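Undergrad: The structure that follows is given in the form of structure tokens.
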């Protein structure tokens, strides 16, 4: 059974946020912070580790979005949790080092998408989709 238009739209918007997260991870400030006193090995290990962590997180988010698209009930709760965690990004505006304009746009986009997704998941259409998929799983 095909997902409703709202599930499709929210999945695409969240996938764009995942891709933007990958762009932000690849545009890491590590090269600008490096100096010879830190050592090349330490710099290389941290840069590769940061990039690898970003890719692994994006792959996990992609898997959750695929299962969300297919109506897995637990993935809906994972998406809600992810939306709530987006609001942690607001700390960049309150405390911490200044954030580049590109990251500010990504943070604002992610928060806007999170608000939209959470509002959509409260609708009867979304709840009906996941409840219907749950009853199909039990019937099999």
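No value in this document is a laboratory result; all are computed from the given coordinates. All values derive from a computational prediction rather than experimental measurement. Using ideal geometry, Cβ is built from the backbone for each residue, glycine included, and neighbour counts are taken over all protein chains shown.
Undergrad: Taking segment 2-16 as the search range and keeping residues that are in contact with a helix residue (DSSP H, G or I) (Cβ under 8 Å, 6 or more places away or on another chain) and outside any helix (DSSP H, G or I), which one is farthest from residue 71 (Cα to Cα)?
TA: Of everything passing the filter in segment 2-16, 4 is farthest from residue 71 (Cα to Cα).
Undergrad: Contact list please: Cβ distance under 6 Å, first residue in segment 60-80 and on the phi < 0 side of the Ramachandran plot and in contact (Cβ under 8 Å) with a residue 40 or more places away in the chain, second residue surrounded by 15 or more Cβ atoms within 10 Å (Cβ to Cβ) and assigned to a loop (DSSP other than H, G, I, E, B), pairs at least six apart or on different chains.
TA: Within 6 Å, the pairs are 69/3.
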